[in-house]
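What follows is one structure encoded as structure tokens, with my remarks underneath.
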Amino acid sequence: MRSRIKCLCVPLALLAASTAHAQTAAPAAGVVEPAAMDAMDKMSAKLIALPGFALKADVTTEVVLDTGQKLQFTGALDIQVHKPDAFKIVATSDIQNREYYFGGGKFTVLAPRLNYYASVPVTGSIGQSLDSLRTTYGVELPLADLFTWGTDQTLRSRIKSGYVIRPETIDGRTCTHYAFRQEKVDWQIWIEDSSQLPCKMVITDTNDPSMPQYSALMRWDGSARPSAADLAFTAPAGANPIRMVDLSKGEAK
């Protein structure tokens, strides 16, 4: 009986493997399927049309050691946005907690466990300010693409391949899975069929030989309309202000 079970299992395993391969076979290199880009356009239009939004996300981050070994860490995000001039992001994990505030012409980072915060002046839209913060201070906000999707007209030109994988169920939602590739980055996105909002994202850094990944599983509150006042920063009692290092002036050296 045991040998017969083995004989039955091997063909079934091979069949399952070949079926999975057929379902996820990628198109030829350099091919961008129109259906994949159409889904991106619809999601972008939905995000642009939202006057504000709130979402929570479970995130995982991979860190590569000097030995090449990868470690994975989990965390959570709570994001609230009032367009076009305010947001609040609370990022929590066992490693560190951070809160990010944008509004009133300022960007502030708070480290609640350490009770320190730093503020810098900002001008322009959320997208313009994020670009400035990245180049001047090295600030990389989690899921920052959600603030600028559809407004960055260079995104299409950077995509080298993109295709539809299949519908999948995520947290009870039917979300269609898409895969894209651009210079130094592979990314996958699952878009909910009913709301046209992203359910999940996985970003792979292909510039690193170890190819670490960042993933986010998102849950949206489509009815949330936070006001700018709701998202304003108020320094906690006893919090100490510190200066943010200006990388553009070589202050980090």
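Under the condition of being of a type in the set (Val, Ile, Thr) and more than 15 Å from the chain's Cα centre (by Cα), which residue from region 60-80 is nearest to VAL122 (Cα to Cα)? Explain how you work it out, then say what you get.
Start the filter on region 60-80 by keeping residues that are of a type in the set (Val, Ile, Thr), which leaves 60-61, 63-64, 67, 74, 79.
So of that shortlist, the ones also more than 15 Å from the chain's Cα centre (by Cα) come out as 63-64, 67.
On the way: VAL63: 31, VAL64: 33, THR67: 40 Å.
Looking at residues that are of a type in the set (Val, Ile, Thr) and more than 15 Å from the chain's Cα centre (by Cα), I get VAL63.
Just need a number here: residues in region 190-213 that are touching a residue at least 40 places away in the same chain (Cβ under 8 Å) and either in contact with a Pro (Cβ under 8 Å, 6 or more places away or on another chain) or under 21 Å from SER44 (Cα atoms) (or both).
Qualifying residue count for the region: 6.
Among the residues of region 202-223, what is the count of those that are surrounded by 15 or more Cβ atoms within 10 Å (Cβ to Cβ) and within 23 Å of ALA86 (Cβ to Cβ)?
Within region 202-223, residues that are surrounded by 15 or more Cβ atoms within 10 Å (Cβ to Cβ) and within 23 Å of ALA86 (Cβ to Cβ) number 3.
Scan region 105-126 for residues that are of a type outside the set (Ser, Thr, Tyr), closer than 15 Å to ALA86 by Cα and buried (at least 16 other Cβ atoms within 10 Å of the Cβ) and jot them down.
Restricting attention to region 105-126, the residues satisfying the condition of being of a type outside the set (Ser, Thr, Tyr) are 105-107, 109-115, 118, 120-122, 124, 126.
Filter again for closer than 15 Å to ALA86 by Cα, leaving 105-107, 109, 120-122, 124, 126.
Once the filter is applied, which keeps residues that are of a type outside the set (Ser, Thr, Tyr), closer than 15 Å to ALA86 by Cα and buried (at least 16 other Cβ atoms within 10 Å of the Cβ), region 105-126 yields PHE107, VAL109, VAL120, VAL122, ILE126.
Condition check ((1) over 25 Å from ILE242 (Cα atoms); (2) part of a strand (DSSP E or B); (3) of a type in the set (Ser, Thr, Tyr)) across all residues:
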site	(1), (2), (3)
LYS56	yes, yes, no
GLY75	yes, yes, no
PRO84	yes, no, no
TYR100	no, yes, yes
ARG113	no, no, no
ASP131	no, no, no
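So how many residues does region 39-59 have that are within 13 Å of the chain's Cα centre (by Cα) and charged (D, E, K, R)?
So the count comes out to 2.
Can you pull out every residue in region 94-105 that is over 15 Å from LEU141 (Cα atoms) and free of Cβ contacts under 8 Å to residues at least 60 places away in the same chain?
If the condition is that a residue be over 15 Å from LEU141 (Cα atoms) and free of Cβ contacts under 8 Å to residues at least 60 places away in the same chain, then ASP94, ILE95, GLY105 are the ones that fit.
A quick yes/no check of all residues on (1) touching a Leu at 6+ places or on another chain (Cβ under 8 Å); (2) over 15 Å from THR234 (Cα atoms):
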residue	(1), (2)
THR108	no, no
ARG113	no, yes
TYR117	yes, no
SER129	no, yes
SER132	no, yes
VAL139	yes, yes
ASP145	no, yes
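I need the full set of residues from region 190-210 which are assigned to a strand (DSSP E or B) and more than 19 Å from ASP221 (Cα to Cα), in order please.
Quick first cut of region 190-210, residues assigned to a strand (DSSP E or B) only: 190-192, 198-205.
VAL202, ILE203, THR204, ASP205 - these are the residues of region 190-210 that are assigned to a strand (DSSP E or B) and more than 19 Å from ASP221 (Cα to Cα).
In region 211-238, which residue that is among the aliphatic types (A, V, I, L, M) and in a strand (DSSP E or B) is nearest to ALA49 (Cα to Cα)? Step through it out loud before you land on a result.
Quick first cut of region 211-238, residues among the aliphatic types (A, V, I, L, M) only: 211, 216-218, 224, 228-229, 231-232, 235, 237.
Now drop any that are not in a strand (DSSP E or B), which leaves 216-218.
Values: ALA216: 22, LEU217: 22, MET218: 19 Å.
If we take residues in region 211-238 being among the aliphatic types (A, V, I, L, M) and in a strand (DSSP E or B), then MET218 is nearest to ALA49 (Cα to Cα).
List pairs: first residue in region 148-170 and exposed (fewer than 12 other Cβ atoms within 10 Å of the Cβ), second residue in a helix (DSSP H, G or I) and not acidic (Asp, Glu) anywhere in the structure, Cβ distance under 7 angstrom, at least six positions apart or on different chains.
What qualifies is ARG166/GLN23.
Look through region 132-147, keep the residues that are in contact (Cβ under 8 Å) with a residue 24 or more places away in the chain and hydroxyl-bearing (Ser, Thr, Tyr), and return whichever of them is surrounded by the fewest Cβ atoms within 10 Å (Cβ to Cβ).
Ranking the qualifying residues of region 132-147, first place goes to THR135.
For residues in region 146-171 being in contact with an Asp or Glu (Cβ under 9 Å, 6 or more places away or on another chain) and assigned to a strand (DSSP E or B), which is farthest from ARG219 (Cα to Cα)?
My answer is LYS160.
Taking ARG243, is it of a type in the set (Lys, Arg), outside any strand (DSSP E or B) and either within 20 Å of ILE159 (Cα to Cα) or touching a residue at least 60 places away in the same chain (Cβ under 8 Å) (or both)?
Working: of a type in the set (Lys, Arg): yes; outside any strand (DSSP E or B): yes; either within 20 Å of ILE159 (Cα to Cα) or touching a residue at least 60 places away in the same chain (Cβ under 8 Å) (or both): yes.
Yes: the conditions hold for ARG243.
No lab work stands behind these numbers, since they all come straight from the coordinates. Because the structure is a prediction, the values reported are computed rather than measured. Here the Cβ is made from the backbone with ideal geometry for all residues, glycine too, and neighbour counts use every protein chain on show.
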